[in-house]
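Visitor: Just passing along the structure, written as structure tokens.
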């Protein structure tokens with residue numbers, strides 16, 4: 001799993017998950033089979049991911065971020081509502097033609113090492129057939145829960161109240177149409193502070209987060225043992 005998780009995300013999960021021997025050989029983004037559309041190979045990168053605030057801070061350590069289909073919020077970088085709606089309306093390559101992820105650049109992902117849970121665990125094909133695809137969906141759900149838990153702890157630590165955090169988290173729900181894109185645009189220093197808070201508190205927080213998600217982890221590992229383990 002460490003090959004999929006990468007260095008940064010490996011530290012977010014329990015060692016038992018990172019140690020699972022799962023290797024995908026059926027497909028890789030560098031050998032994407034989606035056809036070129038409008039003279040540009042967009043792969044499946046019409047999806048605009050949620051990037052948690054503390055991960056944004058990590059990204060800003062090494063690069064600048066230009067946003068078109070996403071916007072900044074205290075939660076992190078979020079897809080604009082119209083992008084979410086367009087993505088939900090059409091999941092075909094045709095539908096994605098004008099919705100290229102802000103982090104996609106000439107066939108490659110600009111944030112590959114720090115890509116989020118959804119992109120990290122997405123495989124359009126699996127060496128383990130349908131069981132593999134189901135395993136990766138379970139993995140995405142687990143990783144996403146960890147991301148969301150940590151970013152909320154970061155917000156609380158940086159001074160947001162519990163009610164404010166609860167309201168802000170509605171922004172991550174694509175089906176919550178009562179919430180519009182917020183106009184708050186945190187500074188780069190805010191995100192860097194989020195990353196600093198994460199680094200300072202992770203040894204305290206991660207065991208708590210893992211404990212709260214223990215049932216999900218056990219379901220994931222049990223699925224691996226029954227369906228994927230050789």
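The values are calculated or read from the model by the stated rules, or taken from the named source; none is laboratory data. These numbers were taken from a predicted model, which means no experiment stands behind them. So basically every Cβ, Gly included, is an ideal-geometry build from the backbone, and we count neighbours across all protein chains shown.
Visitor: Cβ-Cβ distance below 7 Å, separation of 6 or more or different chains: which pairs start in segment 120-133 with a residue that is at positive phi and outside any loop (DSSP other than H, G, I, E, B) and end on one that is at pLDDT 90 or above and surrounded by fewer than 15 Cβ atoms within 10 Å (Cβ to Cβ)?
Guide: none
Visitor: Among what's in segment 62-80 and is in a strand (DSSP E or B) and surrounded by fewer than 21 Cβ atoms within 10 Å (Cβ to Cβ), pick the residue that is modelled with the highest pLDDT.
Guide: Here is the first cut: in segment 62-80, the ones in a strand (DSSP E or B) are 70-73, 76-79.
Remaining after also requiring surrounded by fewer than 21 Cβ atoms within 10 Å (Cβ to Cβ): 71, 73.
Details: 71: 86, 73: 91.
So, considering only residues that are in a strand (DSSP E or B) and surrounded by fewer than 21 Cβ atoms within 10 Å (Cβ to Cβ), the one modelled with the highest pLDDT is 73.
Table: residues versus (1) touching a strand residue (DSSP E or B) at 6+ places or on another chain (Cβ under 9 Å); (2) closer than 22 Å to residue 130 by Cβ.
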{"residue": "186", "(1), (2)": "yes, no"}
{"residue": "194", "(1), (2)": "yes, no"}
{"residue": "202", "(1), (2)": "no, no"}
{"residue": "211", "(1), (2)": "no, no"}
{"residue": "215", "(1), (2)": "no, no"}
{"residue": "220", "(1), (2)": "no, yes"}
{"residue": "223", "(1), (2)": "no, yes"}
{"residue": "226", "(1), (2)": "no, yes"}
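Visitor: Restricting attention to segment 12-61, which residues are in a loop (DSSP other than H, G, I, E, B), at pLDDT 90 or above and loosely packed, with under 15 Cβ neighbours inside 10 Å?
Guide: Of everything in segment 12-61, those that are in a loop (DSSP other than H, G, I, E, B), at pLDDT 90 or above and loosely packed, with under 15 Cβ neighbours inside 10 Å turn out to be 19, 21, 61.
Visitor: Filter the helices (runs of 4 or more DSSP H) completely within segment 150-230 down to those with at least 1 residues that are at pLDDT 95 or above and under 21 Å from the mean Cα position of the chain (by Cα).
Guide: 188-212, 214-223
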